[in-house]
Amino acid sequence: MRGELTSEVQAIAKRMIGRELINVRELRLFPYIQFIMVNSQKIQPIKINEEERHILSKWKEEGFCEDGVKGLRISKKFWDFMCEILYHSYVQV
């Protein structure tokens, strides 16, 4: 099923960033982050909830992304990871 946290997705996370995903909410935040990165690069605060804000804070602590005056910036490593996860959890069904 699309957007499901599978053992394959967990294995990709472990291999690419050294940890498992927090939960399904983190997995389901990826499509929104990918969308804003290829468009405005600005998160609309009204479109994310408190749990998603916490996830973004954790990503910042881990060095995967940072907020800037011009918007959100993410590392190439995290972009590659996110695309791989999206492919295996949403595209390849």
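Since every read-out is calculated from the coordinates, none of them should be taken as a lab result. What you see is a predicted model; the values in this text were computed from it and never measured. So basically every Cβ, Gly included, is an ideal-geometry build from the backbone, and we count neighbours across all protein chains shown.
Exceedance of the 22 Å cut-off in Cα-Cα distance is limited, within the set Lys42/Lys77; Lys14/Lys47; Lys47/Lys77, to Lys14/Lys47; Lys47/Lys77. Within the shell of other residues whose beta carbon sits under 12 angstrom from the beta carbon of Phe35, the net charge comes to +2, with Lys and Arg scored +1 and Asp and Glu -1. Electrostatic tally near Ser7: other residues with Cβ closer than 14 Å to its Cβ, Lys and Arg +1, Asp and Glu -1, net -1. Here the dipole of the chain is about 240 debye; that uses its Cα centre as origin and unit charges on the Cβ of Lys and Arg (positive) and Asp and Glu (negative). What does a probe at Ser75 reach in the range 5-29, counting residues whose amide N is under 12 Å from the point 7 Å along Cα→Cβ? Answer for this model: 16-19.
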